[in-house]
Amino acid sequence: YTTLFRSAVSGQTTSSGAQNLVVTNAIRTQLLAAGAALHKLPVSDYTGLVKGQTYYALDPATGDHWAGAALIPSKDSKKAEIGNQDDGAYLVYRQTGSGPWRAWDAGIPGNSNFNCAVTPPASVLDAWNWAPGTCHPRSGD
């Protein structure tokens, strides 16, 4: 499945320059692996990315790829379930060049009490229709 923000069109370049991209199975697998590594758990502790909460874009100004996604914990992994509950399970990812994806916890969408460890560039936030200076979708998205 392809999961982009409802108003985002895959391949569309926004006025700010960022381009929304399709989340392929290969990208989904890479994001899952980076998220599991961040939480120091095996990939098998997660079953996928939450549909409708996965974003992927290219920032042509830097060549970096950015993604945002919520992990689905396996019902067989108490550690993943607890981590999702406690941390909100939303992650922001960045890939520089052809390097590996790096993931950061992004808290719970809509929670303004969370300090973002990393924030995607304004052009990417604009492409995803996220609030400026944030690291996760708007509440209810």
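Observations
- Filter result for Leu31 (in contact with a His (Cβ under 6 Å, 6 or more places away or on another chain) and modelled with pLDDT of 95 or more): no
- Only listed residue being over 24 Å from Ala26 (Cα atoms), in contact with a strand residue (DSSP E or B) (Cβ under 7 Å, 6 or more places away or on another chain) and hydrophobic (A, V, I, L, M, F, W, C), chosen from Ala67, Ala117: Ala117
- Taking the conditions (1) without any contact (Cβ under 8 Å) to a residue 40 or more places away in the chain; (2) under 20 Å from Thr119 (Cα atoms); (3) buried (at least 18 other Cβ atoms within 10 Å of the Cβ) in turn, Gly97 satisfies each one other than (3).
- Matching option when the condition is modelled with pLDDT under 85 and loosely packed, with under 13 Cβ neighbours inside 10 Å, among Asn25, Asn111: Asn111
- Hits in the stretch 119-133 - residues which are within 12 Å of Ala67 (Cα to Cα) and either of a type in the set (A, V, I, L, M, F, W, C) or in a helix (DSSP H, G or I) (or both): Val124, Leu125, Ala127, Trp128
- In the stretch 51-64, of all residues being open to solvent by less than 40 Å² (accessible area, probe 1.4 Å) and outside any strand (DSSP E or B), the one that is farthest from Asp105 (Cα to Cα) corresponds to Gly63.
- Selection status of Leu125, surrounded by 19 or more Cβ atoms within 10 Å (Cβ to Cβ), at pLDDT 90 or above, under 19 Å from Leu38 (Cα atoms) and not aromatic (Phe, Trp, Tyr): no
The values are calculated or read from the model by the stated rules, or taken from the named source; none is laboratory data. Everything numeric in this text was worked out from a predicted model, so none of it was measured. Ideal geometry is used to build each Cβ from the backbone, glycine not excepted, and the neighbour counts take in all protein chains shown. Just so you know, the surface numbers come from the protein's heavy atoms only, side chains and all, with ligands and any DNA or RNA stripped out. Shrake-Rupley method; radii C 1.70, N 1.55, O 1.52, S 1.80 Å.
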